[in-house]
Each structure stands twice: as C-alpha cells, then as structure tokens.
Amino acid sequence: MSTDLQWMVIRNCSSHLVKKRNIKKYFSRDPLNMKNIHSPRFAGVIHKKALNIEPHSSKPGVVLVYKKRKYQKKPAKNIARVPLTKGARRTMTSIKRFINSNFYRKDLKMVALRRASAILKSQRPVVPKKKTFRKKTD
C-alpha cells in the first residue's frame, strides 16, 4: 500500500493522534515520529524506513530507534534500537553515517542531529556560576 493511501486512512483516526482544544496543529505519539507533529512527513507508521532519537535510560547518551525494512509485515520484529553512549561527537558522526550508508531518509538527517544534540545538552550536569562580589566605593 502506498504511503499516500496509508496517510489518507490514518489521518483522522490514528491511535497516536493527539487533538487539543483551540489548537490548529495536531500532535502525534508515534514512537517513530521525530518531531511529534501529525503530518505525513514525520509519521513513522506509514514510511518503510523511519527513525527516531530517544534519550538513553541509564547512561548519558541517546538511543537510535529505526524501522527495519526486512520485517515490514512483522511489527514485533520491526523496530531496532541501538544505544550510542560514547560521546557527543562520536554519536553525531555515527547518526550521520547510519543515515547516509543505509539510505535512510535524508530529509530527516538534520532533524535527527538537532534532536540528538538537544538530548545530549540536556544530559550535561549543571555547573552553578560563581558569584562575584564588587567592593563598595564610597
């Protein structure tokens, strides 16, 4: 089934769809939706190749979640998770390399890198700034 036809079916009655009052933009809870926006571009359910970046549960790092093309009709085996915990630069290069070498969707490359960068930045420890006191001049 084509992605357009799948989108026409899923568009208004998806279980991942989130509709709020007085908001014209709909959101999605799809596990393979990169931006959580309910649109055909980001809907991971309808595409043969989809990916997402999630924070790692125990270590500082991210988990690359992607859809295998081999198990397209077997949803239990469809999703694979790869933890990336070696550091920020190595994580970014491995995400780029994965997308380019496996011919995943290049339109999601910058979105994936931005999401990974934001997750890694949020996992850094917060260092409090030292307060400097000025001498009073009379």
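The values are calculated or read from the model by the stated rules, or taken from the named source; none is laboratory data. Note that the structure is predicted; figures quoted are calculated from it, not measured. Positions of Cβ are backbone-derived with ideal geometry, glycine not excepted, and every protein chain shown enters the neighbour counts. The protein model used for the area step is the full one, side chains on, heavy atoms only, and it has no ligands, DNA or RNA in it. Shrake-Rupley method; radii C 1.70, N 1.55, O 1.52, S 1.80 Å.
Summary table
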item: In the range 118-138, the residues that are surrounded by fewer than 16 Cβ atoms within 10 Å (Cβ to Cβ) and within 14 Å of the chain's Cα centre (by Cα); result: Ala118
item: Selected residue (criterion: modelled with the lowest pLDDT) from residues of the range 90-106 that are among the charged types (D, E, K, R) and surrounded by fewer than 11 Cβ atoms within 10 Å (Cβ to Cβ); result: Lys106
item: Tally, over the range 1-50, of residues that are acidic (Asp, Glu) and either open to solvent by 30 Å² or more (accessible area, probe 1.4 Å) or modelled with pLDDT of 90 or more (or both); result: 1
item: Members of the range 12-44 found to be closer than 24 Å to Tyr104 by Cα and free of Cβ contacts under 8 Å to residues at least 12 places away in the same chain, listed by number; result: Phe27, Asn36, Ser39
